[in-house]
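The structure under discussion appears below in the form of structure tokens.
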Amino acid sequence: MSIPPASRNPPVWRPRRVQAGSWTITALSDGWLRLDGGSMWGVVPKALWNAWTPAEDDNTILLALRPFLAERGDVRVLVEPGVGDRWSPKLARIYGLVRKPTLRDSLHAAGIAPESITHVIGTHAHWDHVGAWVEEREGRLGPVFPRVKHYLPRIELAVARDADAVRRASYRAEDVEPIESAGILTTLEGSTEIVPGLRVHVLGGHSDGVAVVTWDEERDDGAIFWSDVVPTAHHVQPPYIMAYDLDVARSHAVRSEWLARAAERGWTGCFYHDVDNPFGRLRREGSRYAVELIEGQ
Ligand SMILES: [Zn+2]
């Protein structure tokens, strides 16, 4: 079974919700961007990937910027808030950034008051994932959620503050420093339970410390946020590794292990960059994985 090709233009957006274990997970939006299709697909030939994620004449493909909100009782956890507002017209043009709807718009559309958010998690500090942690107010940079605890893998903080030449294009110190200096940042290593039934697993591969988030992982109806470990529902075979990934061997190992675990458990997968499909469940089909899309409410 294969899933339909990705949309070339941003589809009409609406909030979509699924139930996963004891959690309600809502797919939000912080807009859309375009990246080079070859970079998003690594060694996969264009003859294959262009059928799944069609490229324009400049070889770019459309990608979503999709935060998720997980709710249970009074706990409201925002995972990967998005790209944020701090973009020059030049960079917005290079990356084809379209901020419709923004995180704030999509929270409003989903009926979620920003003040009710209790935790904010970043799986890694790439600008397209945590740019929305920080905003400019009266000429100064500060946290978008100033009274909320933020979480980030420890190594990602270090890299964002002092990126070397290989990493520099993917990080901005200004995305993390205001959170750290506000005293609201907790850094993570290994596997950490943030609240009961919500864990962050630091894995590495794509970046030094990229993490996945799981909800009720011991249950068969739990869920996983894939982050850039599995950026879209089209990237579910272990060798489909982005050219952006720093450590390809580690990515392959991490992806093999976690794709197998997700398929075995039947977890609902949450995809950050997939244009059309926020949610999908993996299933083994012979030596490959198939994705069963989940529409949600
Ligand atoms: Zn990334």
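Numbers for the structure displayed
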quantity: Residue tally, condition charged (D, E, K, R) and closer than 25 Å to Arg250 by Cα, over region 169-223; calculated: 7
quantity: Residues satisfying the stated conditions in region 106-149, i.e. surrounded by fewer than 22 Cβ atoms within 10 Å (Cβ to Cβ), away from the ligand (no atom under 16 Å from the Cβ), not in a loop (DSSP other than H, G, I, E, B) and not aliphatic (A, V, I, L, M); calculated: His108, Pro114, Glu115, Ser116, His119, Glu135, Glu136, Arg137, Arg140, Gly142, Pro143, Lys149
quantity: Lone unmet requirement of (1) touching a strand residue (DSSP E or B) at 6+ places or on another chain (Cβ under 7 Å); (2) of a type in the set (Gly, Ala, Ser); (3) within 25 Å of Ser287 (Cα to Cα) for Gly42; calculated: (1)
quantity: Strands (runs of 3 or more DSSP E) (entirely within region 168-213) containing at least 1 residues that are free of Cβ contacts under 8 Å to residues at least 60 places away in the same chain and of a type in the set (A, V, I, L, M, F, W, C); calculated: 185-188, 198-202
quantity: Within region 88-103, considering residues that are buried (at least 16 other Cβ atoms within 10 Å of the Cβ) and more than 16 Å from the ligand (Cβ to nearest atom), the one farthest from the chain's Cα centre (by Cα); calculated: Gly96
quantity: Of residues in region 162-173 being of a type in the set (D, E, K, R) and buried (at least 16 other Cβ atoms within 10 Å of the Cβ), the one farthest from Val120 (Cα to Cα); calculated: Arg167
quantity: Single residue of region 88-105 satisfying the filter (outside any helix (DSSP H, G or I) and touching a residue at least 40 places away in the same chain (Cβ under 8 Å)) that is nearest to His150 (Cα to Cα); calculated: Thr102
quantity: Unique match (being on the phi > 0 side of the Ramachandran plot and touching a Leu at 6+ places or on another chain (Cβ under 9 Å)) among Gly73, Gly31, Gly21; calculated: Gly31
quantity: Which listed residue, of Asp245, Asp228, is more than 21 Å from Thr26 (Cα to Cα), among the acidic types (Asp, Glu) and touching a residue at least 24 places away in the same chain (Cβ under 8 Å); calculated: Asp245
quantity: So Asp216, is it touching a residue at least 60 places away in the same chain (Cβ under 8 Å), surrounded by fewer than 24 Cβ atoms within 10 Å (Cβ to Cβ) and out of contact with any Cys (no Cβ under 8 Å at 6 or more places or on another chain); calculated: yes
quantity: Options Asp85, Asp58: the member that is surrounded by fewer than 18 Cβ atoms within 10 Å (Cβ to Cβ), without any contact (Cβ under 8 Å) to a residue 40 or more places away in the chain, not hydrophobic (A, V, I, L, M, F, W, C) and not in a helix (DSSP H, G or I); calculated: Asp58
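Where a number appears in this text, it was derived from the coordinates with a stated rule and is not lab data. The model shown is predicted, which means the values in this text are computed figures rather than measured ones. In this analysis, Cβ positions are derived from the backbone assuming ideal geometry, glycine residues included, and neighbour counts consider all displayed protein chains.
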